[in-house]
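Novice: My structure is below; once you've seen it, I'll send some questions.
The values are calculated or read from the model by the stated rules, or taken from the named source; none is laboratory data. In this text the structure is predicted, and so the values were computed from the model without any measurement. As a convention, Cβ positions derive from the backbone with ideal geometry for all residues, glycine included, and neighbour counts pool all protein chains shown. For the accessible areas, the whole protein counts, side chains as well, though only heavy atoms, and no ligand, DNA or RNA atoms are used. Shrake-Rupley method; radii C 1.70, N 1.55, O 1.52, S 1.80 Å.
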Amino acid sequence: MIRRARRIPARTGLTLWYMLLLTVSMLALGGAGLWSIQRVLYTSADELLMTRAAAVMTEIDYERGRLNVELASEPDQPPSALTAGLDIVRVWDRNRRTRFRQETVQELPDPASETLAAILSERDIATFRTISKPSGEFIRSYIAPIRDDGRIVGVLEVGRSLGDIEAVLAQLRWLGAAGLVVVLLIGWFGGSFLAARALAPVDRITRAASEIGADDLSRRLNLMLPDDELGRLSAAFDGMIDRLDRAFRRQRQFTADASHELRTPLAIIRSQAEVALGRQREPAYYSRVLDSICEETERLERLTENLLLLARVDDGPDDLIPRFELLDLEDLALDLGSRMATRAHERGVVLDMDINPVGPIHGQADWMSQLLLNLLDNAVRYTPAGGRVTLALTTEGGQAVVRVADTGIGIAPEHLSRIFERFYRVDQARSRASGGAGLGLAICARVTRLHGGHLDVTSTLGEGATFTVRLPLASWPAPTPDALGALPATV
Ligand code: ADP
């Protein structure tokens, strides 16, 4: 599936996300702050109006059914200190006749007659209202009953402009908006700086990775990063290059070894043919040359067969395990042992068998035969005449154990760990003479591991060697391709 390329670069994208988060949090915090300040200011304005109304009430008398308002009402007199700062002071008597009126702004509507009636009839105790001035400013007023000995004798309205509160709030809004712009600017530059800093190692990884070519896998990123996501990415990348490097080296080594092995018999065949064709020879000479050519061709055949086997076994568990079946090792061991006994006998070696019933294993018959054949063939090959080879089959700890022991030349300790490597031979000349290319044990090890088993060797130089194959019995879970997928390409 072709993905559409991202249009926004990662750095800008991160910065934009950062800005979005910043804006949302600023708006939420600023909005909540402004709302609570507004509430406090309006509540205290209402409380102030109630206090002022109570003060004004002290100047209102009720005598003989008449309300007397002792506040300055003449236009040329200065307003009483009690009404200073108030934009509305209105007093009505029980009959809703105006007894006092002091207003800083004309044309402010009176409260609705129902409001006055409700207060006079004690349906409402007191009420607030907000009136808008023609200038757009708001006036808040408090309308409350005037009592004399607990009886309602009139209504008082005091009002004050909310202009100062509005001004404070407007200033706060401006400050908030300006603050938001400043924070967003800082956020843009800071966010883009932080994003650049955070992405810098990715850039370094990309640059270093693009400099590593397929032919130069010895290079590593080697970035000294902390143990975080990027540090682990860089380490994982180095680990991957390391594995690729080893796999490539092994592959190169394998190709070089294989070509070397193929070249030697081919060179022998060619030189012998050239010498024979150089001049007229006796028929016996030609016969010797043809014999030798046949021998070399057989060696080539064996080598290519083994290379083919390795290639097939290297195809991995996915290819091999589906072909696993329940396999009777007793039958297999008896069959191969008897076949090998003839060959051993020809070489003056005795082959003993100690085959016990072990129950079936999950396996592939051809590969298992190849494994046992290689071990028996080696045992017979590296055991001088008069020696003894033993093939034993038993069970140990829930595993089938095949043991091939010989009383042959043995293997020196320094070679023991390496004989399972491909093309590794202890004695080049002797192995070559006997036709071995150093692939037999590599195939054995790989086949054993594909069957979920283990192959090891013990040996004392000059006294013989014992190869032990341990394989899980079929009563145990069969190996799965997943479980064996982690096997190295070569063993
Ligand atoms: P080759 O085909 O050369 O025998 P192998 O992979 O089968 O290759 O064996 C690798 C080397 O291990 C051989 O060259 C040989 O020196 C040594 N080796 C294997 N089996 C035995 C054995 N039973 N006794 C002594 N040496 C052995």
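Novice: Helix-derived [θ] at 222 nm for the chain: sum -39500 (n - 2.57) over DSSP H runs of at least 4, divide by residue count, nearest 500?
Specialist: Computed mean residue ellipticity for the chain: -17500 deg cm²/dmol.
Novice: Where nothing but the Cβ of Lys and Arg (+1) and of Asp and Glu (-1) is charged, how large is the charge dipole of the stretch 367-449 around its Cα centre, in debye to the nearest 20?
Specialist: 200
Novice: Still on this model: Choose one of F193, I409, V105: the residue whose Cα lies farthest towards the positive end of the charge dipole of the chain (beta-carbon charges +1 Lys, Arg; -1 Asp, Glu; about the Cα centre).
Specialist: Of the candidates, F193 comes out farthest on the positive side.
Novice: Which order do the peptides 414-424, 31-41 come out in when sorted by mean C-beta neighbours inside 10 angstrom, highest first?
Specialist: 414-424, 31-41
Novice: Give the residues of the stretch 131-157 whose amide nitrogen is closer than 20 Å to a point set 7 Å from the Cα of I125 in the direction of its Cβ.
Specialist: Correct set: 141-157.
Novice: Between the stretch 391-419 and the stretch 207-253, what is the C-alpha centre distance in whole Å?
Specialist: 38
Novice: Accessible area per residue, 1.4 Å probe, Å², for the chain: what's the number?
Specialist: About 58 Å² of surface per residue is accessible.
Novice: Could you let me know the centre-to-centre spacing of the stretch 143-157 and the stretch 281-313, using Cα atoms, in angstrom?
Specialist: 130
Novice: Would you mind giving the three semi-axes, in whole Å and largest first, of the ellipsoid equivalent to the chain according to its Cα gyration tensor?
Specialist: 111, 29, 16
Novice: Sticking with this one: In debye, nearest 20: dipole of the stretch 121-184 around its Cα centre with unit charges on the Cβ of K, R (+) and D, E (-)?
Specialist: 140
Novice: Something else about it: Starting from the Cα-Cα distance between E114 and E137, subtract it from 0.36 nm times their residue separation and give me the gain in nm to one decimal.
Specialist: Here the segment from E114 to E137 would lengthen by 5.8 nm.
Novice: Using only Cα atoms, locate the centre of the stretch 326-358 and the centre of the stretch 5-74, then give the distance between them in Å, rounded to an integer.
Specialist: 101
Novice: Among 105-114, 180-189, what's the highest-first ranking by average C-beta atoms within 10 angstrom per residue?
Specialist: Final packing ranking: 180-189, 105-114.
Novice: Hey, another quick one. Which percent of the accessible area of the stretch 258-393 is formed by carbon and sulfur heavy atoms (probe 1.4 angstrom)?
Specialist: 54
Novice: Could you pull the Rg and Dmax for the stretch 54-149, using just the Cα atoms, both in Å?
Specialist: Computed over the Cα atoms of the stretch 54-149, radius of gyration and Dmax are 13.7, 43 Å.
Novice: Could you estimate the translational diffusion coefficient of the stretch 223-266 from the Stokes-Einstein equation, with Rh from the Kirkwood formula over C-alpha pairs, at 20 °C and 1.002 mPa s, in whole µm²/s?
Specialist: Calculated translational D: 169 µm²/s.
Novice: Here's a follow-up. When the Kirkwood hydrodynamic radius is evaluated over all pairs of different C-alpha atoms of the stretch 361-470, what value in angstrom, to one decimal, is obtained?
Specialist: Taking every pair of different Cα atoms in the stretch 361-470, averaging 1/r and inverting gives 14.2 Å.
Novice: Calculate the FRET efficiency for H260 and D216 from the Cβ-Cβ distance with a Förster distance of 35 Å, rounded to the nearest 0.05.
Specialist: The pair H260/D216 has a calculated efficiency of 0.90.
Novice: Given 0.36 nm per residue, what is the gain on full extension from E295 to L277 after removing their alpha carbon distance, in nm?
Specialist: 4.6 nm
Novice: Moving to a separate point now. Let me make sure I get this right: for the stretch 230-346, a, b and c are the square roots of the gyration tensor eigenvalues over alpha carbons, sorted descending. Under 1.5 in a/c it's rounded, otherwise prolate if a/b > b/c, else oblate. Which is it?
Specialist: Oblate, since a/c reaches 1.5 and b/c is not below a/b.
Novice: Given 0.36 nm per residue, what is the gain on full extension from E229 to T98 after removing their alpha carbon distance, in nm?
Specialist: Contour length minus the Cα-Cα distance gives 39.1 nm.
Novice: What three numbers, in Å, describe the spread of the alpha carbons of the stretch 101-167 along their principal axes, ordered from the longest?
Specialist: In descending order, the Cα extents are 41, 20, 20 Å.
Novice: Nearest 20 debye, what's the magnitude of the dipole of the chain about its Cα centre given +1 on Lys and Arg Cβ and -1 on Asp and Glu Cβ?
Specialist: So the magnitude is around 1060 debye.
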